[in-house]
């Protein structure tokens, strides 16, 4: 058995059989300098886990999921020259059992065995953590018998999901736990340094390309023997796992709640669409029909009342942008990444699923003349002053207040208001806290 030991920026593999004998430890590999052999002394305490990246957690329970991003053909072999054996719908969870050298996935799906193109498969690393003590049942509902329990905070190894219940292995048996009490955390992967993309999982393999530091990584498979298989610029290759930075983002458990917290640490489920979007009954700076006019029904009624009250007091307001779909966020963020790189794009653009606009509860507004729309100069207008003083009366908060950038993750946006309901909005306004601070996160 080998142990991955990291001290400062260097990671090495240690042979535990030698450690148990009480002798010096042979260094099996070292990426920088490519030292293949040597003897090292253990002059530091070896911790139980290695933290690598912001908000890092143990990667032991990390589960890779494979989801189709479009309707995709299952073929009898790993290329389009093979016959079509069937199709899977967009958004389907794929049962991947292997992969070909060119990156095509071998799947067993609905009684069919074949291959699907990696161009239409999204690979995601997920962690599953219980939020309370949970019964493990023989089937996916409370009508089934409980045969064990898992404690709060336990990391689960999930193999499937049925009717909101996660399928797990518990004490050697297959069981199910309720998804209502499981926090799902998505793992984001990026290059922690300039990385060599190699043709095989070894430093002896040829270099196909160099991946720049900070690049978001598109995984083809989970790590194996210290190497990740990835896609990069049309190539399939391998990169050394110790130089992959992991960051973590929670997937919110209550996306339809009026008080749902969405930010850079908490994202909506992929593809989430609010259930009750309607056109907001207010004027906008544009005339065409667009999803940007839409809000959830309760929030749309509230923004109509806010605009009406402002007008009665001589304040003219216009809507700039309300709902923003997940697909639109993907388009925007992909454009920014291609232009500026992953790490820089994250500093000014929301990762898909982390925009409040997707909740249907947020809207950007501006003054009646349409000037200073979503611009800093809006802060100096009488409309901005009125909005700050009266938004809470109609259930809205200034979501990204001045001087709170380190907490919200966004610069001051006096034009961005978020509906949370009158009671909560008034309490937050009186407290002087951000949404994050008030919610205790």
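If I ask for residues that are surrounded by 12 or more Cβ atoms within 10 Å (Cβ to Cβ) and either modelled with pLDDT under 85 or not in a strand (DSSP E or B) (or both), which ones from the range 80-92 would you list?
If we filter the range 80-92 for residues that are surrounded by 12 or more Cβ atoms within 10 Å (Cβ to Cβ), which is where we start, we get 82, 85-88, 90-92.
Within the range 80-92, 82, 90, 91, 92 meet the criteria.
Filtering the range 363-412 to residues that are under 24 Å from the mean Cα position of the chain (by Cα) and in contact (Cβ under 8 Å) with a residue 60 or more places away in the chain leaves 363, 408, 409.
Would a scan of the range 150-163 turn up a residue that is in the same structural domain as residue 86 (by TED's automatic domain parsing), in contact with a helix residue (DSSP H, G or I) (Cβ under 7 Å, 6 or more places away or on another chain) and either buried (at least 19 other Cβ atoms within 10 Å of the Cβ) or at positive phi (or both)? Within the range 150-163 (the criterion being in the same structural domain as residue 86 (by TED's automatic domain parsing), in contact with a helix residue (DSSP H, G or I) (Cβ under 7 Å, 6 or more places away or on another chain) and either buried (at least 19 other Cβ atoms within 10 Å of the Cβ) or at positive phi (or both)), the answer is no, since none of the residues qualifies.
Would you say residue 314 is free of Cβ contacts under 8 Å to residues at least 24 places away in the same chain, out of contact with any strand residue (DSSP E or B) (no Cβ under 6 Å at 6 or more places or on another chain) and assigned by TED's automatic domain parsing to the domain that holds residue 407?
Working: free of Cβ contacts under 8 Å to residues at least 24 places away in the same chain: yes; out of contact with any strand residue (DSSP E or B) (no Cβ under 6 Å at 6 or more places or on another chain): yes; assigned by TED's automatic domain parsing to the domain that holds residue 407: yes.
Criteria met by residue 314.
Checking the conditions here, which among 188, 195 is surrounded by fewer than 20 Cβ atoms within 10 Å (Cβ to Cβ) and in the same structural domain as residue 98 (by TED's automatic domain parsing)? Only one candidate qualifies: 188. Residue-level check: of (1) more than 29 Å from residue 231 (Cα to Cα); (2) modelled with pLDDT of 95 or more, residue 206 misses just (1).
Is it true that residue 238 is crowded, with 19+ Cβ neighbours inside 10 Å, touching a strand residue (DSSP E or B) at 6+ places or on another chain (Cβ under 9 Å) and assigned to a strand (DSSP E or B)?
On the way: crowded, with 19+ Cβ neighbours inside 10 Å: yes; touching a strand residue (DSSP E or B) at 6+ places or on another chain (Cβ under 9 Å): yes; assigned to a strand (DSSP E or B): yes.
Considered against the rule, which asks whether it is crowded, with 19+ Cβ neighbours inside 10 Å, touching a strand residue (DSSP E or B) at 6+ places or on another chain (Cβ under 9 Å) and assigned to a strand (DSSP E or B), residue 238 comes out as yes.
Out of the range 258-291, which residues are outside any strand (DSSP E or B) and more than 23 Å from the chain's Cα centre (by Cα)?
276, 280, 281, 282, 283, 285, 286, 287, 288, 289, 290, 291
Residues that are within 21 Å of residue 103 (Cβ to Cβ) and part of a loop (DSSP other than H, G, I, E, B): does the range 216-225 have at least one?
yes
For residues that are buried (at least 18 other Cβ atoms within 10 Å of the Cβ), out of contact with any helix residue (DSSP H, G or I) (no Cβ under 9 Å at 6 or more places or on another chain) and assigned to a loop (DSSP other than H, G, I, E, B), tally how many sit in the range 93-116. Count: 1.
The values are calculated or read from the model by the stated rules, or taken from the named source; none is laboratory data. Owing to the predicted nature of the structure, the values given are computational and were not obtained by experimental measurement. When we count neighbours, we look across all protein chains shown, and the Cβ atoms used for this are built from the backbone with ideal geometry, even at glycine.
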